[in-house]
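K.L.:
This is the structure, below, for whatever I ask next.
Read-outs throughout are calculated quantities, based only on the coordinates presented, and are distinct from any laboratory measurement. Keep in mind that what you see is a predicted model, and the values were worked out from it rather than measured. Here the Cβ positions follow ideal geometry from the backbone for every residue, glycine too, while neighbour counts run over all protein chains shown.
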Amino acid sequence: MDIFVQTKNRFSRFLSAFFKKKRSRIGIYGPPNAGKTTLANRIARDWAGDAVGAVSEIPHETRRALRKQDLCISGANGHSITIDIVDTPGVTTKIDYKEFLEYGLDKEEAITRAREATEGVAEAMHWLREDIDGVVYMLDSTSDPFQQVNIMMIGIIESRKLPVIIAANKIDLPDAAPQKIRSAFPQHPVVPISCLEGKNIEELYEQMVHSFR
Amino acid sequence: MLQGVQIDLISQESLENMTSMEKIHLILDKVRQGTIVILEKGLEPDEQSKLIEMTMKEILPDDFNGIEMETYPSREEGSFLSRLIGRHSTSTRLTVIGPANQLKMIKKDKDQISAWISTR
């Protein structure tokens, strides 16, 4: 990030503190391995200079909701938001420890990971009902967006009247089809991104400033 | 002896007389025993959220892996005027729930859910 942006961020933070702007808790939700922690890390690095959590190709790497507080995100039009980013475990209705054995974990490690993952998902659902002011719903653009868990989660978020942005991640992959996600959820803003490469990430920040103000 | 899978169809009327927690306990108790549950009317979003949370608390290695669930897309209800002023409601529809290790969804569209069920 260049010096101009850093100075702008500092100035925005100063103004936010001065005017005691409301801080919103924004949850990053989505199915396992959609790239939630990669996005949380990118947001934290871009706006605070450090990371939130570890990432890996094994599902359920994030097994506790992780929070990065007091991030001030600025849009091109000068508006800004102050948020806490909550990176949540991937939401699912089933967890079988045997899936983790395929990634080289031994049985004991796999059972522990599965137990922690179940606790994490339960906690994420609880957070959504009690403590979240807005949601970035993360989807893998190479997967079917019509999976029941996605339909259910969007329905739950809508019923709580929370503002939601759908991030169609992994557009750097050849099989990516973000237009499928757009047609699945036409009622919500969909931003195609690549968290890994940083593609379109500025567009996501603009949408966040617009939706979460 | 006849072998197979039990399927319980629960009427809308019966569901309407239950509290959210009664519905969730009924579903999880049946599904944990290997029964496939078909609800004539689906759960409300808040109940779905609690069902996921409770399911996670019930998961045990080599015993219960969680649930598979599929539902018809919900339907918007209300007159044109009520929709215009934002007073419409969403009606949840038929829902199939079963143990994740026995129920596999094959295909779903707005009018049909195809599922494959195995014995334990």
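K.L.:
How high is the relative contact order of region A:23-211, given as a whole-number percent (alpha carbon pairs under 8 Å, six or more residues apart)?
P.N.:
24 percent
K.L.:
Compute the helix-to-body angle for A:36-48: its Cα long axis versus the longest principal axis of chain A, expressed 0 to 90° and rounded to tens.
P.N.:
Tilt of helix A:36-48: around 20 degrees.
K.L.:
For chain A, give the magnitude of the charge dipole about the Cα centre (Cβ charges: +1 Lys/Arg, -1 Asp/Glu; no others), in debye to the nearest 20.
P.N.:
1000 debye
K.L.:
Now for a separate question. Please turn the phi angles of region A:129-140 into ³J(HN,Hα) values with the Karplus equation 6.51 cos²θ - 1.76 cosθ + 1.60 (θ = phi - 60°), one per residue in order, whole Hz, x for glycine and proline.
P.N.:
Rounded to whole hertz, the list is 7, 10, 10, 10, 9, x, 9, 9, 9, 9, 10, 7.
K.L.:
Number of Lys-Lys pairs in chain A under 14 Å by Cα, sequence gap 8 or more or different chains? Let's see the in-between values first.
P.N.:
Numbers: A:LYS36/A:LYS68; A:LYS36/A:LYS170; A:LYS98/A:LYS107; A:LYS170/A:LYS180; A:LYS170/A:LYS199.
Total qualifying Lys-Lys pairs in chain A comes to 5.
K.L.:
For A:MET138, enumerate residues with amide H under 5 Å from its amide H, sequence gap 5+ or separate chain, H modeled in the peptide plane.
P.N.:
Hits under the 5 Å cutoff: A:TYR29, A:GLY30, A:ALA167.
K.L.:
Mind pulling the angle between the C-alpha long axis of helix B:45-58 and the longest principal axis of chain B? Nearest 10 degrees, somewhere in 0 to 90.
P.N.:
For B:45-58 against chain B, the angle is about 20 degrees.
K.L.:
Taking the inverse of the average 1/r across all pairs of different Cα atoms in chain B, what Kirkwood radius in Å do you get? Walk me through the numbers before you get to the answer.
P.N.:
Details: mean 1/r = 0.0646 Å⁻¹.
Value: 15.5 Å, from the Cα pair sum.
K.L.:
Provide a whole-number value for the mean count of partner chain Cβ atoms within 10 Å of the Cβ atoms in peptide A:93-104. Write down the numbers at each step before the final one.
P.N.:
Values: counts 13, 12, 7, 8, 5, 4, 1, 0, 0, 0, 0, 0.
Per residue, the average neighbour count from other chains is 4.
K.L.:
Then there is this: From other protein chains only, count the Cβ atoms within 10 Å of every residue's Cβ in B:55-67, then give the mean. Write down the numbers at each step before the final one.
P.N.:
Details: counts 8, 16, 4, 1, 12, 5, 10, 4, 0, 2, 8, 7, 2.
Mean inter-chain Cβ contacts per residue within 10 Å come to 6.
K.L.:
Which value at 222 nm does chain A reach when only helices count, each DSSP H run of 4 or more adding -39,500 (n - 2.57), with the total divided by all residues and rounded to the nearest 500 deg cm²/dmol? Show your work: numbers first, answer last.
P.N.:
Working: 7 runs with 87 residues, N = 213.
Estimated from H runs of four or more residues: -13000 deg cm²/dmol.
K.L.:
So what J values fall out for region A:112-128 if you push phi through Karplus, 6.51 cos²θ - 1.76 cosθ + 1.60 with θ = phi - 60°, rounded to Hz, Gly and Pro as x?
P.N.:
For region A:112-128, the Karplus-derived couplings read 4, 4, 5, 5, 5, 5, 4, 5, x, 5, 4, 5, 4, 5, 5, 4, 4 Hz, x marking Gly and Pro.
K.L.:
Can you compute log10 of I(q)/I(0) for the protein assembly as shown with the Debye formula, treating each Cα as one identical point scatterer, at q = 0.11, 0.16 Å⁻¹?
P.N.:
-0.76, -1.43
K.L.:
Could you go through region A:59-70 in sequence order and give the Karplus-derived ³J(HN,Hα) for each residue, using 6.51 cos²θ - 1.76 cosθ + 1.60 with θ = phi - 60°, rounded to whole Hz, and x for Gly and Pro?
P.N.:
Rounded to whole hertz, the list is x, 6, 5, 8, 10, 9, 5, 10, 10, 10, 8, 6.
K.L.:
Moving on to the next point. How well do other chains shield peptide A:110-123, expressed as the mean number of their Cβ atoms within 10 Å of each residue Cβ?
P.N.:
On the way: counts 1, 3, 1, 0, 4, 4, 0, 2, 8, 3, 1, 7, 8, 2.
Counting Cβ atoms of other protein chains within 10 Å of each residue's Cβ and averaging gives 3.
K.L.:
Right, another one. Output the antiparallel fraction of DSSP beta bridges having both residues in region A:23-211, as a percent to the nearest 5. Mind dumping the intermediate values first?
P.N.:
Numbers: 8 of 27 bridges.
Here the antiparallel bridges make up roughly 30 percent for region A:23-211.
K.L.:
By how many degrees, between 0 and 90 and to the nearest 10, does the Cα long axis of helix B:20-32 differ from the longest principal axis of chain B?
P.N.:
Compared with the principal axis, the helix lies near 30 degrees.
K.L.:
Based solely on its DSSP helices, what 222 nm [θ] is calculated for chain B when runs of n ≥ 4 H residues each add -39,500 (n - 2.57) and the sum is averaged over all residues, nearest 500 deg cm²/dmol? Could you put the intermediate results ahead of the total?
P.N.:
On the way: 4 runs with 37 residues, N = 120.
Using -39500 (n - 2.57) per qualifying helix, the result is -9000 deg cm²/dmol.
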